[in-house]
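Below is one structure; the comments refer to it alone.
Rule-based calculations on the coordinates, nothing more; no lab input. What you are looking at is a predicted structure, and each value in this text was computed from that prediction instead of being measured. Note that each Cβ is placed from the backbone with ideal geometry, even for glycine, and that neighbours are counted across all protein chains shown.
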Amino acid sequence: MPPLSQKAASAAPAPQDLARPGGSEPSRSLKQRAAAEAKRYIAFAIYLVIVFGTLILFSINIYSRIDRSVPNYPSYHFYALGLINALVVAKFVLIAEAAKIGSRTFGRRIQRRPLVYVILYRALLFTAVLVAAYGLEEVLVGA
């Protein structure tokens, strides 16, 4: 098998560009992109519902062991709040990802560092986005 020429190798998209959401795929229609984004949103929201539901059950069990007047099972409004929070948090994270938070100049420089630095950097940025979203929610609610 002959090696690729320099020109052919530079014309091919980099593997990280193909794996990244919103990569160079101009042939996809708006309907296909919307369906793919909806799948990602639903998958991430289901993950967060499971995580938040587990945390709700855990906290209710802790409270019921401390105070015997608290029932061992949460009422349905706790699950409804967990579902709403999961949907909102999933949307904020996907918006931050679409805005390429962490991919600007400093983000590009940190990409050359070990993977643990990249993960910590992006985790801190997404945490800051979620804290800002929580602050916005508190301002809108009027707390």
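Below is a table of values for the structure above.
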| read-out | value |
| --- | --- |
| Pairwise FRET efficiency - Leu57 versus Ile110, Cβ, R0 = 30 Å, nearest 0.05 | 0.20 |
| Label zone at Tyr117, where the point sits 7 Å out along the Cα-to-Cβ direction: region 90-109 residues whose backbone N lies under 20 Å | 101-109 |
| Sites Asp67 and Ala132 - FRET efficiency at Förster radius 35 Å, r taken between beta-carbons, to 0.05 | 0.55 |
| When region 29-99 is reduced to its Cα atoms, the Kirkwood hydrodynamic radius in Å | 13.7 |
